[in-house]
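Report on the structure given below.
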Amino acid sequence: MQIRPDDDLLLVIDVQNDFCPGGSLAVGDGDAVVPVINRLSGRFNHVVLTQDWHPAGHSSFATAHPGSAPFQAVTMSYGEQTLWPDHCVQGTSGAAFHPQLATERAELVIRKGFRGEIDSYSAFYENDRRTPTGLAGYLRDRSLQRLFLVGLATDYCVHYSAVDARRLGFETAVVESGCRAIDLAGSLTSAWSAMHQAGVQRIGDLC
Ligand code: VGL
Ligand code: ZN
């Protein structure tokens, strides 16, 4: 796969301390994506980062639902929602980007999950799958049509972002070497099959 540096976008999903070892929702080996993403981001002229950015007491936190536990699913007004440990609370060090992540070339940081009553896995829509974040409009205005996704976690925010990107008509690839998964009860396998079905390209690495 040949990158066209002026036309292609590297979309870096949620490379934040809480998703790395030592964080409150640590993804196994999550920080291993950092050198891979830094190498890739030097090759794109368009880089966008997302940042999971929850208010304290967010409705996706198990602590906001007395009697429930993290990783349990509940029904919200917009459908099923997995409950998580408190993570990526606005302004905390857990919500900050990994300190070694090269962020300076990013032209945009999209924050998501900042509304108390609804979660947002995808960079494009909140979990009702209808409320836009504005990223699609930004990419269309900038004529960016081909997206390469990396980041955390493969089976949640990368997966939802990639499927939505396809739904919106973008050419979409996920670079596996730049992703790591949470893998709750087979979620990684089902994420790859949903992405495959949506027409997302799976790329091992971009050398
Ligand atoms: C994520 C669970 C909750 C992710 C964010 O970035 O994949 N997962 N919030
Ligand atoms: Zn979150």
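Among strands (runs of 3 or more DSSP E) entirely within the stretch 36-84, having at least 2 residues that are more than 18 Å from residue 120 (Cβ to Cβ) and out of contact with any helix residue (DSSP H, G or I) (no Cβ under 7 Å at 6 or more places or on another chain) singles out no element at all.
Of everything listed in (1) within 11 Å of ligand 1 (Cβ to nearest atom); (2) open to solvent by 70 Å² or more (accessible area, probe 1.4 Å); (3) under 13 Å from the mean Cα position of the chain (by Cα); (4) not polar (S, T, N, Q), the single unmet condition for residue 119 is (2). Of the strands (runs of 3 or more DSSP E) contained entirely in the stretch 92-207, those carrying at least 1 residues that are closer than 19 Å to residue 1 by Cβ and in contact with a Leu (Cβ under 7 Å, 6 or more places away or on another chain) fall at 146-152, 171-180. Candidates 59, 41: the one that is within 19 Å of residue 179 (Cβ to Cβ), of a type in the set (S, T, N, Q) and over 14 Å from the mean Cα position of the chain (by Cα) is 41. Residues that are part of a helix (DSSP H, G or I), more than 16 Å from ligand 1 (Cβ to nearest atom) and either in contact (Cβ under 8 Å) with a residue 60 or more places away in the chain or in contact with a Cys (Cβ under 8 Å, 6 or more places away or on another chain) (or both): does the stretch 13-32 have at least one? Checked the stretch 13-32: no residue is part of a helix (DSSP H, G or I), more than 16 Å from ligand 1 (Cβ to nearest atom) and either in contact (Cβ under 8 Å) with a residue 60 or more places away in the chain or in contact with a Cys (Cβ under 8 Å, 6 or more places away or on another chain) (or both). Which one of 87, 159 is closer than 16 Å to residue 61 by Cβ and open to solvent by less than 60 Å² (accessible area, probe 1.4 Å)? Of 87, 159, the one residue that is closer than 16 Å to residue 61 by Cβ and open to solvent by less than 60 Å² (accessible area, probe 1.4 Å) is 87. Here the stretch 100-114 is the region considered, the condition is being surrounded by fewer than 15 Cβ atoms within 10 Å (Cβ to Cβ) and touching a residue at least 12 places away in the same chain (Cβ under 8 Å), and the residue that is nearest to residue 65 (Cα to Cα) is 109.
Could you please find all residues in the stretch 9-22 being surrounded by fewer than 23 Cβ atoms within 10 Å (Cβ to Cβ) and either in contact with a Phe, Trp or Tyr (Cβ under 6 Å, 6 or more places away or on another chain) or of a type in the set (Gly, Ala, Ser) (or both)? Across the stretch 9-22, the qualifying residue is only 22. Only residues that are under 16 Å from residue 50 (Cα atoms) and within 11 Å of ligand 2 (Cβ to nearest atom) were counted in the stretch 80-95, giving 5. Selection over the stretch 26-77 of residues that are away from ligand 2 (no atom under 16 Å from the Cβ), small (Gly, Ala, Ser) and closer than 26 Å to residue 101 by Cα gives a count of 4. Of all residues in the stretch 122-153, those being of a type in the set (Ser, Thr, Tyr), within 15 Å of ligand 1 (Cβ to nearest atom) and farther than 20 Å from residue 61 by Cα number 1.
The values are calculated or read from the model by the stated rules, or taken from the named source; none is laboratory data. No experiment lies behind these values; they were computed from the predicted model shown. Neighbour counts are summed over all protein chains in view; Cβ atoms, including those assigned to glycine, are modelled from backbone coordinates with ideal geometry. SASA here: full protein model, heavy atoms, side chains in, ligands and nucleic acids out. Shrake-Rupley method; radii C 1.70, N 1.55, O 1.52, S 1.80 Å.
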